[in-house]
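Written out below as structure tokens is the structure these notes cover.
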Amino acid sequence: MEVVQDEEITESFGSEVMNEWRQEVAIIIYSIPGHITALVEAEKKGIEEARGSATIYQIPETLPQEILSKMHAPAKPDYSIINVAKLPESDAFLFGIPTITKSANGA
């Protein structure tokens, strides 16, 4: 099987077509201990290797800092907080939430 490089595809189809193939994926997470964070970083890398584009967002925290401190929760990663206005900018969505809560915090 012959592997076709991006440059060859661009030459054959033009950069306009290549840009249409690119999909923007919003990866939306909620994670206290950080396990989900490690997983979505790997997902983002895979999307980008497949010529897509991915942005990781987090859901706003609803637990008070006092509770998070008692849980020994690490600091949140430096991802933008998702809001409804951002949703139309994406072609696809991946959600990363812990199974212990069965839903995103505050959802």
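Here, each number is a calculation from the coordinates, and none is a lab measurement. Bear in mind that the values here come from a model prediction, so they are computed numbers and not experimental data. Ideal geometry is used to build each Cβ from the backbone, glycine not excepted, and the neighbour counts take in all protein chains shown.
Scanning segment 23-44 for residues that are farther than 20 Å from LEU87 by Cβ and either of a type in the set (A, V, I, L, M) or in contact with a His (Cβ under 8 Å, 6 or more places away or on another chain) (or both) yields ILE32, ALA38, LEU39, ALA42.
With respect to being within 11 Å of ALA26 (Cβ to Cβ) and in contact with a Lys or Arg (Cβ under 9 Å, 6 or more places away or on another chain), SER80 fits the description.
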